[in-house]
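Note sheet for the following structure.
The values are calculated or read from the model by the stated rules, or taken from the named source; none is laboratory data. All values derive from a computational prediction rather than experimental measurement. Ideal geometry is used to build each Cβ from the backbone, glycine not excepted, and the neighbour counts take in all protein chains shown.
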Amino acid sequence: MKSAFITGITGQDGSYLAEFLLKKNYTVHGLKRRTSTFNTKRIDHIYQDPSISNRNLILHHGDLLDASSLNNIISKIKPDEIYNLAAQSHVAVSFEQPEYTANADALGTVRILEAIKNFNLIKKTKFYQASTSEMFGNISEKKLDENSIFKPISPYGVSKLFSYWITKNYRDSYGIFASNGILFNHESPRRGETFVTQKIVTALVKIKFNLQSCLYLGNLYAKRDWGHAKDYIVAIWKILQHKKADDFCIATGNNYSIKEFIEEVLKYLDIKIIWKGKGLSEVGINKKNNKIIIAIDKRYMRPNDINSLIGDSAKAKRELNWNPKVKFEELICEMVKLQIDIYKK
């Protein structure tokens with residue numbers, strides 16, 4: 001039976017990956033930061049109490065900022081696979097907390113790779129680093145792949161780029177099976193409410209039920225390549241099952257603007273709006289009652305924003321036999337349905 005260690009197990013990707021690996025009969029170890037409140041709702045349905053003998057889901061308290069806790073956990077469990085999914089992953093927050101972002105997202109990766117090296121796990125443990133399309137920045141290529149130029153424009157993107165290169169460096173220098181998955185945007189009903197997709201879905205469902213009056217956003221014209229997290233964790237797993245350590249772009253090959261995302265949610269909710277104005281003055285007006293339900297707030301404009309991201313996952317399709325299954329419209333439908341169920345209750 002294989003064992004895996006997942007940092008960020010309580011997050012969107014970590015929870016889906018834990019489910020996936022448990023179904024494949026892994027023993028799954030997860031890193032959880034010690035907090036005064038419970039933050040495990042995404043994995044509560046698979047949680048196993050420590051009193052259960054022979055349990056195959058085990059949580060460990062630790063932090064990417066704390067090398068001693070990582071060393072203790074990794075040296076104790078000696079996992080076959082490590083998936084480093086934990087990060088300060090909010091782009092806007094990275095401008096407000098650049099030092100914390102760099103410490104967690106860049107140096108956290110070094111701490112794990114050092115543990116693999118120092119505890120003689122080079123021949124045993126495979127390492128996956130969650131890289132991001134934000135590393136590309138605003139480069140002019142239409143579709144981005146493993147050979148595209150990196151030019152990050154946020155502290156988050158810069159920190160992740162350090163992790164990308166340090167992963168390749170430890171692979172080349174020490175022979176660690178260390179791979180990067182350059183994942184483009186991926187969402188799900190488990191996405192946190194501070195991320196724009198879930199913020200849009202939650203707010204518009206509340207507006208539908210008269211629980212909120214208006215949704216405030218930043219750049220409506222930023223375009224992203226959105227897939228479903230459940231599809232992407234299959235790719236993550238396949239990357240570590242590949243015959244050799246390598247780096248892969250994971251994307252759908254389609255992109256949509258924030259405005260198009262909004263319109264798809266509104267279509268599902270049967271809310272018809274009229275767009276008026278330009279720039280910071282642009283608003284979405286509900287045709288039914290002539291009320292403004294979408295408006296721009298300059299506080300949500302990033303100091304530097306990526307205009308468009310679209311990925312090319314031809315290498316993953318060719319070498320990993322991976323293809324995204326969930327379409328853009330299906331993803332939004334799934335997210336909206338869950339929020340409707342919540343507010344109906």
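In this structure, Phe20 does not satisfy being among the aromatic types (Phe, Trp, Tyr) and either within 20 Å of Lys117 (Cβ to Cβ) or not in a helix (DSSP H, G or I) (or both). Any residue at all in segment 137-146 that is modelled with pLDDT under 95, assigned to a loop (DSSP other than H, G, I, E, B), of a type outside the set (Lys, Arg) and touching a Pro at 6+ places or on another chain (Cβ under 6 Å)? The answer is yes, given that some residue of segment 137-146 is modelled with pLDDT under 95, assigned to a loop (DSSP other than H, G, I, E, B), of a type outside the set (Lys, Arg) and touching a Pro at 6+ places or on another chain (Cβ under 6 Å). Against the criterion of being within 23 Å of Glu96 (Cβ to Cβ) and either without any contact (Cβ under 8 Å) to a residue 40 or more places away in the chain or of a type in the set (Asp, Glu) (or both), Ala203 qualifies.
When segment 159-175 is filtered for residues that are small (Gly, Ala, Ser) and closer than 14 Å to Ile122 by Cα, the ones remaining, listed by number, are Ser173, Gly175.
Inspect all residues belonging to segment 101-115 and state whether any of them is among the polar types (S, T, N, Q), in contact (Cβ under 8 Å) with a residue 24 or more places away in the chain and over 19 Å from Gln129 (Cα atoms). No, every residue in segment 101-115 fails to be among the polar types (S, T, N, Q), in contact (Cβ under 8 Å) with a residue 24 or more places away in the chain and over 19 Å from Gln129 (Cα atoms). Taking each residue of segment 123-144 that is free of Cβ contacts under 8 Å to residues at least 12 places away in the same chain and looking for partners that are part of a loop (DSSP other than H, G, I, E, B) with beta-carbon atoms closer than 6 Å, six or more apart or interchain, yields Glu141/Ser148. Out of Lys288, Lys243, Lys238, one residue alone is outside any loop (DSSP other than H, G, I, E, B) and either out of contact with any Gly (no Cβ under 8 Å at 6 or more places or on another chain) or in the same structural domain as Ser154 (by TED's automatic domain parsing) (or both). It is Lys238. Residues in segment 229-245 that are touching a strand residue (DSSP E or B) at 6+ places or on another chain (Cβ under 8 Å) and buried (at least 19 other Cβ atoms within 10 Å of the Cβ): Ala229, Asp231, Tyr232, Ala235, Ile236, Ile239, Leu240, Ala245. For segment 300-336, residues that are free of Cβ contacts under 8 Å to residues at least 12 places away in the same chain and either of a type outside the set (S, T, N, Q) or in contact with a strand residue (DSSP E or B) (Cβ under 7 Å, 6 or more places away or on another chain) (or both) total 3. Which condition breaks for Ser75 when tested against (1) among the hydroxyl-bearing types (Ser, Thr, Tyr); (2) assigned to a helix (DSSP H, G or I); (3) surrounded by 21 or more Cβ atoms within 10 Å (Cβ to Cβ)? So Ser75 meets the others, but not (3). Can you find, within segment 49-72, the residue that is farthest from Thr101 (Cα to Cα) among those that are within 21 Å of the chain's Cα centre (by Cα) and part of a loop (DSSP other than H, G, I, E, B)? Restricting to residues being within 21 Å of the chain's Cα centre (by Cα) and part of a loop (DSSP other than H, G, I, E, B), the top hit is Gly62.
Of all the numbered requirements in (1) at pLDDT 95 or above; (2) over 27 Å from Thr132 (Cα atoms); (3) within 21 Å of the chain's Cα centre (by Cα), Ile46 misses one, and that requirement is (1).
Taken over segment 298-321, the criterion of being of a type outside the set (Asp, Glu), within 17 Å of Leu144 (Cα to Cα) and either in a loop (DSSP other than H, G, I, E, B) or at pLDDT below 90 (or both) is satisfied by Ile306, Asn307, Leu309, Ile310, Ser313. Summed over segment 89-124, residues that are outside any helix (DSSP H, G or I) and surrounded by fewer than 20 Cβ atoms within 10 Å (Cβ to Cβ) total 8.
Residue count for segment 246-280, restricted to those that are touching a residue at least 40 places away in the same chain (Cβ under 8 Å), surrounded by fewer than 21 Cβ atoms within 10 Å (Cβ to Cβ), among the hydrophobic types (A, V, I, L, M, F, W, C) and not in a helix (DSSP H, G or I): 1. Considering only segment 211-218, I want to know if a residue exists there that is touching a helix residue (DSSP H, G or I) at 6+ places or on another chain (Cβ under 7 Å), under 25 Å from Trp165 (Cα atoms) and surrounded by 19 or more Cβ atoms within 10 Å (Cβ to Cβ). Among the residues of segment 211-218, not one is touching a helix residue (DSSP H, G or I) at 6+ places or on another chain (Cβ under 7 Å), under 25 Å from Trp165 (Cα atoms) and surrounded by 19 or more Cβ atoms within 10 Å (Cβ to Cβ), which makes the answer no. Going by the conditions given, is Ser53 among the hydroxyl-bearing types (Ser, Thr, Tyr), out of contact with any helix residue (DSSP H, G or I) (no Cβ under 9 Å at 6 or more places or on another chain) and surrounded by 15 or more Cβ atoms within 10 Å (Cβ to Cβ)? It is false that Ser53 is among the hydroxyl-bearing types (Ser, Thr, Tyr), out of contact with any helix residue (DSSP H, G or I) (no Cβ under 9 Å at 6 or more places or on another chain) and surrounded by 15 or more Cβ atoms within 10 Å (Cβ to Cβ). Determine if segment 133-146 includes at least one residue that is of a type in the set (Ser, Thr, Tyr) and touching an Asp or Glu at 6+ places or on another chain (Cβ under 8 Å). The answer is yes; a qualifying residue exists.
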